[in-house]
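The values are calculated or read from the model by the stated rules, or taken from the named source; none is laboratory data. Only a predicted model underlies this, so the values are computations on that prediction, with no experimental measurement involved. Cβ placement follows ideal geometry from the backbone for every residue including glycine, while neighbour counts extend to all protein chains displayed.
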């Protein structure tokens, strides 16, 4: 069809059809032949964006039945990619992988429709349907009858999409301006809104002014943004959402600057929370850095986004605000406490604190958080398997009494509320004494308390550490050496102390004299001489180590190498015929070497002393009651091969048909699908080749390469081994790998 008048005639008919039907689905049967005649094509699909989901849906009517095709907004389909990038696309051959990869490395053609309908897609014209810069859907025209889609087709498609965009907007209730709902409900005049938008520097300032100057509440603002951007609104709700745990390349200042937070729900499903979700290029940058294909998008107020990122959001200067809140908080607390402590409810508070402690031990929690809120009840949360969970709420009127009770049990000063205090308490459960480390911290909303439940009982048997067989053989050889230094490294809470005591339990025989210096002493073992260091009085790790050398030791455990003095003393001790075990806060085994050399240690002495470095992390394990087996997808297998490395794949002995496990959820695991944690390990052994690299102070990469040749496997490789073994799932590997 070359005549412009004929094209205009078709557009007039399209408008007539749309005007005569209430929904696009009803109009589709009459619309389809008109559109196909415009493009001289075989098939068309109109994908509509679903507001409450991060996907597109195309609906077709066949008789009385409505069929649906759903695709995610991601590069896993052509329609999904066009929705994500908000750019039109002409594909000359969707089966040409090189053509797709040139557009986006992860772009795929979803050929399910072709396979199920005995149809062959030859070429595609795909255009986003936009209205007021809001993505409403995607139109796909398939198989041009003569030749390929041209620039002329693209222009016709864009004109058609302007018409469809208005129809989608009407059908979905979208708005032209993010705050049109406020105008519609007469909460602000159009003139005032325009003035605010012109005089506000960014979205955050605009939202704050709408709240402070026009008293518009957060929920109303969120609803207005949700209607405009066509995505759900999520406010700051730490009971439901937490920051998504990922070792991605996303920089905190970058996220704050762009008002973006990657959060997750209770099932760890990622959600990209944005103040302006129509920013397609920003969304693609986030997706690329996160390395995930599946996620939801939501809109949030800028202040809420910053709260998820850990920023406090006060209007005035933080110092002034803190002083005012401290004054108010202190006066309120004093009046509250006088009534609480003299009331008949005191025994109830005692029972409440006791119940919280017992529940924490029963649920195998590592920490208890008692968090005051400025307006509302106090939240009690527990960290279980590394994830914080809400457990209960305490009425605000009883907050001071609960804190006072915990302070009394911990022998702390109940009158002092202005400075942090540290202490210890102990309680009995099933006849066993449980020790708890207590830290109180004054906040603007009142005193908060964090209680760390210390590991009770003896050491974990070494065989229960879930160390891979090859690593276990090498580890046993290292710790059996008469002298040297073995370091266990990883971030806080990665199980370093548990591992060290498991190793000591293996070495603890009557003929060995073992001294330990720890802060605090958490795990006790018969046969060990365990010492609690106290830096406050000058009894440091370095001082303890020197004292041990005069006490005829065979094996020495130093809780942590915090400084050069301790590290130097540890190496001296190992070189003079003792086995020294210690910890360090580093991310990987090869990185530990450069960290210690940066502290000023002599490379020759260190490489001679070091027998090995064990890096570790804790990852969540699948609930044994409900984990379900499934056939690994091509994506899963590609991920495993990429992360484990083609050079080492033979070690895994992967079967032709690989079966993995995934989380499901049941009552036993609190419907999370996970229960308990296990370690993933990276064991570097000191070899002559690696020693020569340490002498030269080579790069981390060079040392890592040599260590891999010597038998080291990375944390990610060990995590993949545990996925294949059935202990965990790919989602947990992605947390370790950041991919």
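I'm trying to understand the selection: among the residues of the stretch 502-521, which are touching a strand residue (DSSP E or B) at 6+ places or on another chain (Cβ under 8 Å) and more than 20 Å from residue 577 (Cβ to Cβ)?
518, 519, 520, 521
Return the residue satisfying two criteria in turn: it lies in the stretch 122-148 and is within 16 Å of residue 163 (Cβ to Cβ) and modelled with pLDDT of 85 or more, and of such residues it is surrounded by the most Cβ atoms within 10 Å (Cβ to Cβ).
138
Return the only residue of 673, 679 being buried (at least 17 other Cβ atoms within 10 Å of the Cβ), at positive phi and under 25 Å from the mean Cα position of the chain (by Cα).
673 is the lone residue from the list that is buried (at least 17 other Cβ atoms within 10 Å of the Cβ), at positive phi and under 25 Å from the mean Cα position of the chain (by Cα).
Does residue 696 satisfy the condition of being under 27 Å from residue 609 (Cα atoms) and modelled with pLDDT under 90?
Answer is yes for this residue.
Taking interchain pairs and intrachain pairs at least six residues apart, which have beta carbon atoms under 6 angstrom, with the first residue in the stretch 493-506 and assigned by TED's automatic domain parsing to the domain that holds residue 619 and the second in a helix (DSSP H, G or I)?
Close Cβ pairs (under 6 Å, with a partner that is in a helix (DSSP H, G or I)) amount to 502/462; 502/465; 503/479; 506/462.
Out of the stretch 509-522, which residues are crowded, with 17+ Cβ neighbours inside 10 Å and free of Cβ contacts under 8 Å to residues at least 40 places away in the same chain?
Of everything in the stretch 509-522, just one residue is crowded, with 17+ Cβ neighbours inside 10 Å and free of Cβ contacts under 8 Å to residues at least 40 places away in the same chain, namely 521.
Could you please let me know if residue 237 is part of a loop (DSSP other than H, G, I, E, B) and free of Cβ contacts under 8 Å to residues at least 40 places away in the same chain?
Judged against the criteria, residue 237 is a match.
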